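Enquirer: One structure, pasted below without further comment.
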Amino acid sequence: MCGIVGAVSERDVQGILLEGLRRLEYRGYDSAGMAVINGGPHAQRARELGKVSALAEAVEANPLNGHLGIAHTRWATHGEPSQLNAHPHMSGDGLAIVHNGIIENYQELRDELKADGFEFTSQTDTEVVAHLIQKNYREQGSLYDAVKSAIPRLRGAYALAVVHADEPDHLVVCREGSPLVIGVGIGENFIASDQLALLPVTDRFMFLEEGDIADIRKDRIEIHDREGTPVERETNRFEHGADSAEKGEYRHFMLKEIYEQPKVIKATMEGRVTDSRVLEQALGTEAANLLDNVRHVQIIACGTSYHAGMVARYWIEELAGVPCSVEVASEFRYRKHVIQPDTLFLCISQSGETADTLAALRQAKKAGFRAALAICNVPGSSLVRESDLVIMTQAGPEIGVASTKAFTTQLTALLIFTLALARHNGLSAEREADIVSALHQVPGQVSDILALNGGIEEMSRAFMDKFHSLFLGRGSQFPVAMEGALKLKEISYIHAEAYPAGELKHGPLALVDSEMPVVTVAPNNDLVEKLKSNLEEVRARGGELFVFADKSAGVKAEEGVHVMQLPPVHEITAPIVYTVPLQLLSYHVAVLKGTDVDQPRNLAKSVTVE
Ligand code: AGP
């Protein structure tokens, strides 16, 4: 959740660290800090409460010059957001550390280190690690050895970067449960919790594996695995272009990412579908054999990715006739399961680093599932590395905390997977061709929806002064309604709940009055008539309706019923297309309310702690 960046170079590193933090701010934004070593006896440190801009102002006024440094942007776990709890944490004047993750046994270590005479200035678990490494350093006289011998004492999840003023030419990093990438430069090297942080300085990256420890110098990188064996980690090039993490002409990353959807949906289809069929070899050489043997699918994910999984369940059961269960990872990992024979375990994650999803995958690998398939957006992420089969979405970097293009590309990848599975389970070539042809139309249909932006912005004004809202959908549009509600609550802070429209009269109808806007997605499918009856139930109670409906569905605008007419869409691909107006609605409500759209309060993009 926090962001880490570090650099060792011939040049001053302050600018590299600050730019890295700006790019990592989506991971956490309650405080920020940096420590720089300049050859003197002390590490220089600056820390500020609030956003990276506050730190930037501080170091502009009092620069930290030096060729080695680490920096951090925080999402608080242990201890409130404050300057004292901000990273880097120090032990003595020379040792500085930044940390992403949680040290579960920090209290026990804290007591032990206090008894050894160490004084604590923060409430964080990280300061415990600083003192533990310092204690080892005093005994062993080598930063690398001090970090190495601290690791077995730590329980929990962490990515750490450590520097010491007495060793001004290297930094030591390690990871267990939290991501860490090394950026490979020429005569300089870098580390970060996400490669996006380092795109201005390099496009070559090495992903550390779980348990790795690395010694990073400007001209040398040495990595050892958990057993202490020297290892080489593959160097990969970043494929999306350095400007893919820039806002460009857009006011917010979220808006840019909404508008990128036609392009990235197309990119996710490329090489995987012809005009009329899915190319299952594109899912991996093992795919054909696997798909022949899958009798059940268990989908695991969190948040938006979970909603994608819920849509996929409708597709998998309808098109492939294969039973499918979907569960949020944080629930799945803590309960006993009955695993049907030949069950495929399918994880969906934008980041590939979500702690609960990874924990569920690791359990599943021991539990007798047929194989683990990942749908993921970040190459080299833990999820990708630990799964048997992977379908990469091609969304490119998603910076806005609220997921948009990741969701629609996940749906695209899931539909391609479903069609491949369905073909092994009797789907006719005609039906496959019909759906593939519908999929090819999706990028254009999404562009048509984007053209309705002005009208949706107009609609959003009605939400400005509301505190609650309901989102309704039926069938595969119910998860779309859930996703719409999640978007609205996370960026506008308006309470939003989603219900299957048929459930309305079983409880939530009691909430409906003129102060409760009700948003509904209504493609023209065999449930539309039933949905219209549900809308009547809302109108009869004075509820104001905002309906995104297929032109031909016959939903008419009248007093209290605002209708946005959408172009006709195939019922299978409708969840992808109908998501987009809800994204725009939430975006405009948030902009009107003046919230921080890209970095909503209390949230972080990648939830790498439990
Ligand atoms: C969505 O807008 C959220 N930011 C959040 O629900 C997110 O989808 C969830 O944390 C899962 O993340 P992942 O896809 O990276 O695993």
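Taken together, the values in this text are just the output of simple stated rules run on the coordinates, not laboratory data. This one's a predicted model, so the numbers in the text were calculated from it and none came from an experiment. A quick note on method: Cβ atoms are made from the backbone with ideal geometry, for glycine too, and the neighbour counts reach across all protein chains shown.
Enquirer: Mean shadow of region 320-461, computed from the convex hull of its alpha carbons, in nm²?
Expert: 10.8
Enquirer: Continuing with this model, one more query. Please compute the length gained on full extension between H42 and H468, using 0.36 nm multiplied by the number of residues separating them and subtracting their Cα-Cα distance.
Expert: 148.1 nm
Enquirer: Turning to a different aspect of this structure: Quick check: the distance between the Cα centres of region 293-315 and region 36-65, to the nearest angstrom?
Expert: 45
Enquirer: Right, here's the next one. Based on the mean of other beta carbon atoms within 10 Å per residue, what is the order of 386-394, 325-333, most packed first?
Expert: Going by the mean number of other Cβ atoms within 10 Å, highest first, we get 386-394, 325-333.
Enquirer: What full-extension length gain, to one decimal in nm, is calculated for K366 and A510 as 0.36 nm per residue of separation minus the Cα-Cα distance?
Expert: 47.2 nm
Enquirer: P(r) of the chain in 10 Å steps, Cα pairs, percent per bin?
Expert: 3, 17, 25, 24, 17, 10, 3, 0
Enquirer: Then there is this: How far is helix 405-423 tilted off the main Cα axis of the chain, in degrees rounded to 10, range 0 to 90?
Expert: On a 0 to 90 degree scale, this one is about 60.
Enquirer: Can you give the angle from 0 to 90° between the axis of helix 477-492 and the longest principal axis of the chain, with both taken from C-alpha atoms, to the nearest 10?
Expert: Once rounded, the angle reads 50 degrees.
Enquirer: Any lysines with Cα under 28 Å of the K336 Cα? List them, leaving off those in the same chain fewer than 8 positions away.
Expert: Output for K336: K365, K366.
Enquirer: Suppose every K and R has +1 on its Cβ and every D and E has -1 on its Cβ; what is the size of the dipole of region 3-237 about the Cα centre, in Debye to the nearest 20?
Expert: 320
Enquirer: Using only helices, what value at 222 nm comes out for the chain when you add -39,500 (n - 2.57) per DSSP H run of length 4 or more and divide by the total residues, to the nearest 500 deg cm²/dmol?
Expert: When only DSSP H runs of four or more count, the value is -10500 deg cm²/dmol.
Enquirer: Give the angle, between 0 and 90 degrees and rounded to the nearest 10, that separates the Cα long axis of helix 574-593 from the longest principal axis of the Cα atoms of the chain.
Expert: 60
Enquirer: Would you mind putting 395-405, 198-208, 76-86 in packing order, based on average other-beta-carbon counts within 10 Å, highest first?
Expert: Most protected by this proxy first, the peptides run 395-405, 198-208, 76-86.
Enquirer: Something else about it: Mind ranking 2-15, 586-599 by how tightly packed they are, going by the mean number of other C-beta atoms within 10 angstrom, highest first?
Expert: Top to bottom by mean Cβ count within 10 Å: 2-15, 586-599.
Enquirer: Can you give me the C-alpha center-to-center distance between region 529-555 and region 214-236, rounded to a whole angstrom?
Expert: With region 529-555 and region 214-236 each reduced to a Cα centre, they are spaced 60 Å.
Enquirer: In debye to the nearest 20, how big a dipole does the chain give about its Cα centre with +1 on each Lys and Arg Cβ and -1 on each Asp and Glu Cβ?
Expert: Dipole size: approximately 720 debye.
Enquirer: What's the Cα-based Rg to Rh of region 3-237, Rh via Kirkwood?
Expert: Value, to two decimals: 0.93.
Enquirer: Name the GluC sites (Glu not before Pro) in region 218-323 that are in a loop by DSSP and that have at most 10 other C-beta atoms within 10 Å, would you?
Expert: Answer by residue number: E227, E232, E234, E239, E249, E270.
Enquirer: List the pairs from K51/K263; K405/K487; K505/K551; K247/K466 whose alpha-carbon separation is above 20 Å, in the order I gave them.
Expert: K51/K263; K505/K551; K247/K466
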